Structure formats: structure tokens, C-alpha cells
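The values are calculated or read from the model by the stated rules, or taken from the named source; none is laboratory data. Here the structure is a predicted model, which means the values were calculated and not measured. Glycine gets a Cβ as well: all are built from the backbone with ideal geometry, and neighbour counts include every protein chain shown. All accessible areas refer to the heavy atoms of the entire protein, side chains included, with ligands and DNA or RNA removed. Shrake-Rupley method; radii C 1.70, N 1.55, O 1.52, S 1.80 Å.
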Amino acid sequence: MTPRPSRLVLLGHPVRHSLSPVFQNAALQHAGIPARYEALDVPLEALDGCVRALIAEGAAGNVTVPHKEAVAALCASRTPLAERAGAVNTFWVEAGALIGDNTDVAGFASLARQLLGGDAPPRDLTIAVLGAGGAAAAVLTAIEQWPNCTTILYNRTPARRDRLARRFATVVRGTADDPVRAVAGCGLVVNATSVGLADDVHPVPVEAIPRTAAVLDLVYRPGETAGVRAARARGLRAADGAGMLVEQGAAAFERWFGVPAPRDVMWNALAERLAS
Ligand code: NAP
């Protein structure tokens with residue numbers, strides 16, 4: 001059996017803003033696991049050497065922007081979801097080999113179920129996906145598993161949008177040149193861009209969103225994002241990315257330790273930090 005990792009890291013650049021250490025350390029302490037979770041700011045040119053050193057010490061962890069695709073390429077093997085998303089956000093070492101997974105997919109699916117209700121995956125929806133980076137790829141990987149759901153894809157940079165649309169031709173029914181066109185007639189809007197992370201800019205004017213639609217914003221920040229607040233004010237069901245953050249972290253915890261993650265403890269630690 002693979003020994004439990006004694007060191008857990010988050011690889012990114014920058015990572016100072018990340019709240020993953022807050023709720024992962026709360027979970028480790030609650031579970032009585034003698035390990036620490038720390039954020040490592042690793043520039044791209046240092047990533048290869050850093051990952052080799054982590055493999056040698058049998059460490060495990062998460063990956064965030066901009067390293068998810070680069071770490072996927074360094075893995076000896078990837079789970080089918082990580083393979084499909086083309087990105088790794090969770091890794092561990094087995095018999096000296098780096099294994100990569102993508103728990104953003106389950107994190108997004110869980111957030112969608114919480115917002116839309118029901119235990120079964122959402123079905124029969126037209127979904128506007130805004131963004132074409134790693135998060136959008138994880139979102140499309142999840143939607144691909146939902147019965148009779150299709151997406152309209154928008155991204156600021158059309159070439160990147162079109163590349164992603166080709167990779168996910170199974171669920172991308174069309175592309176849009178602006179976000180207003182993308183959300184017309186949809187039942188769910190997903191913001192998978194980083195718009196709204198650092199300011200109160202909306203990814204799409206809220207008046208353009210159909211009154212029956214729900215809004216999932218993968219971005220999270222104290223007091224929620226401006227997009228989520230505006231959607232609620234319009235009477236729409238809306239959630240930010242805090243629930244996804246906890247769920248992808250809980251799924252990662254379960255991969256590393258093989259025991260159920262203390263989701264309530266994780267959520268409370270995150271909520272307390274977001275409120276402070
Ligand atoms: P990424 O690969 O760097 O992609 C960033 C995306 O945002 C691209 O589509 C980019 O468009 C778009 N974008 C950035 N600035 C923009 C602007 N000013 N106007 C319009 N579009 C803009 O990042 P990612 O991994 O996909 O992450 C995207 C967001 O999701 C981040 O904010 C991240 O924090 C969040 N996220 C949250 C969770 C969670 O657990 N809640 C998990 C994963 C990601 P271009 O292609 O035109 O540059």
C-alpha cells in the first residue's frame with residue numbers, strides 16, 4: 001500500500017491569495033493526520049525541478065493557475081477525467097511515479113447539483129460557458145456526462161475558444177462572439193473566466209441573462225462576486241465558486257488519504273476566512 005503523504009503542497013504562480021491551505025489544514029487537524037499543507041509559489045522555469053523533488057519525497061498536493069497543464073504533462077499517468085480535461089489539479093505519488101487527477105470536474109458538478117437541486121446530474125439544459133482556460137475544460141468535462149445538455153462557448157480570445165470547442169465537439173453546440181449572445185436562451189450560465197476576481201466587473205450584463213436561468217460563477221471572493229450579487233438581485237438562482245473550491249479540495253483529500261473528507265470543517269474554515 002502507498003504510504004500516506006506527509007507533505008502536501010499547492011503549486012501555482014502566484015499562490016499567496018489561495019485559501020486552500022486554510023481549509024486543508026483545518027481538515028488535516030480535524031482528522032488527526034500529522035501533515036501540513038503549504039502553498040509553494042513556483043515560476044514555470046522551476047516547475048520541473050520542484051516536481052522531481054516532490055516525487056522523491058513522496059509528497060502530494062494540488063495545482064493551480066498557471067501550472068495545471070504543465071503538471072499533467074509531467075505525470076506518469078492521469079485519471080480519465082484529467083486526461084479528458086487536459087489538466088491536473090491534484091497529484092500524488094505511487095511506487096515512485098506521479099499520478100494526476102482533476103477534482104475540479106467533481107467540484108463543479110457538485111456546485112451545479114447544489115444550485116440546481118436534485119441528486120441526479122442536471123439534464124436537458126442549454127448552458128452558456130464563458131471562458132476557455134483550464135477551468136472551462138473541467139466544466140465541459142463535467143457537462144459531457146450530463147444527459148442531453150449542450151453548451152454555447154464564449155471566450156475573449158476566439159482562437160482559444162475554437163480550440164476548446166473542437167476538443168469538446170460532443171457538447172459544444174455553437175460558439176459566440178460576445179457573452180450577451182452566448183447567454184441568450186440558456187438555462188445555466190457558467191463564468192469560467194477570471195473576470196470579477198479582483199474587481200466588480202461582470203462577465204456578462206445581468207439583464208441579458210434569461211429570467212429562468214441559474215448562474216454559477218467559478219470565481220470566489222469575500223462578499224461574493226459582483227456577478228453573483230447582481231444575478232440574485234434580479235431574482236436568479238446564483239452561486240459563486242466557494243462551494244466548488246471546498247468540494248474539489250475534499251475530493252483531493254479523499255484521493256490522498258482514502259478516508260472521507262470532513263467537508264463541514266473545511267467549509268466552516270473557508271467561510272470564516274471569507275467573512276474576516
Ligand atoms: P486560465 O486557464 O488562466 O483561463 C482564464 C480565462 O479567463 C480565459 O478564458 C481568459 O480569456 C479569461 N479572462 C481573463 N481575463 C479576462 C478579461 N479581463 N476579460 C475576459 N476574459 C478574461 O484560468 P482557469 O484555470 O481557467 O481559471 C479561470 C477562473 O476560474 C479563475 O478565476 C479561477 O480562480 C477560477 N477557478 C475556480 C475554481 C474553484 O474551485 N472555485 C477552480 C478552478 C478555477 P483569454 O483566453 O482571452 O485570455
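Numbers at a glance
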read-out	value
Test: residue in the stretch 227-249 that is modelled with pLDDT of 95 or more and over 22 Å from Leu116 (Cβ atoms)	no
Condition met for Arg273 (part of a helix (DSSP H, G or I) and out of contact with any helix residue (DSSP H, G or I) (no Cβ under 7 Å at 6 or more places or on another chain))	no
Condition broken by Val65, with the remaining ones in (1) at pLDDT below 95; (2) over 19 Å from the mean Cα position of the chain (by Cα) satisfied	(2)
Count of residues meeting criterion [among the acidic types (Asp, Glu) and open to solvent by 70 Å² or more (accessible area, probe 1.4 Å)] in the stretch 174-187	1
Enumeration of residues in the stretch 79-108 that are within 12 Å of the ligand (Cβ to nearest atom) and surrounded by fewer than 23 Cβ atoms within 10 Å (Cβ to Cβ)	Gly86, Ala106
Every pair of residues 6+ apart whose Cβ atoms lie under 8 Å, when the first sits in the stretch 153-176 and is within 13 Å of Ala137 (Cα to Cα) while the second is in a helix (DSSP H, G or I) and more than 14 Å from the ligand (Cβ to nearest atom)	Tyr154/Arg181; Val171/Ile143
Residues of the stretch 184-200 classified as more than 17 Å from Ala112 (Cα to Cα), aliphatic (A, V, I, L, M) and either at pLDDT 95 or above or in contact with a helix residue (DSSP H, G or I) (Cβ under 7 Å, 6 or more places away or on another chain) (or both), total	1
Filter result for Pro66 (open to solvent by 60 Å² or more (accessible area, probe 1.4 Å), over 19 Å from Ala97 (Cβ atoms) and either free of Cβ contacts under 8 Å to residues at least 60 places away in the same chain or not assigned by TED's automatic domain parsing to the domain that holds Ser194 (or both))	yes
Residue in the stretch 102-113 that is more than 26 Å from Pro262 (Cα to Cα) and in contact with a strand residue (DSSP E or B) (Cβ under 7 Å, 6 or more places away or on another chain) present	no
Matching residues in the stretch 97-134 - criterion: being closer than 25 Å to Ala76 by Cβ and either part of a strand (DSSP E or B) or modelled with pLDDT of 95 or more (or both)	Ala97, Leu98, Ile99, Gly100, Asp101, Asn102, Thr103, Asp104, Val105, Ala106, Gly107
Out of Ala73, Ala59, sole residue that is of a type in the set (A, V, I, L, M), open to solvent by less than 30 Å² (accessible area, probe 1.4 Å) and more than 12 Å from the ligand (Cβ to nearest atom)	Ala59
Hits in the stretch 201-230 (condition: of a type outside the set (Gly, Ala, Ser), more than 13 Å from the ligand (Cβ to nearest atom), surrounded by fewer than 24 Cβ atoms within 10 Å (Cβ to Cβ) and assigned to a loop (DSSP other than H, G, I, E, B))	Pro205, Pro210, Arg211, Thr212, Pro222
Verdict on Thr126 being free of Cβ contacts under 8 Å to residues at least 40 places away in the same chain, closer than 30 Å to Val215 by Cβ, surrounded by 17 or more Cβ atoms within 10 Å (Cβ to Cβ) and among the hydroxyl-bearing types (Ser, Thr, Tyr)	no
Residue match in the stretch 142-150 (condition: within 16 Å of the ligand (Cβ to nearest atom) and crowded, with 19+ Cβ neighbours inside 10 Å)	yes
Lone unmet requirement of (1) surrounded by 22 or more Cβ atoms within 10 Å (Cβ to Cβ); (2) away from the ligand (no atom under 16 Å from the Cβ) for Val171	(1)
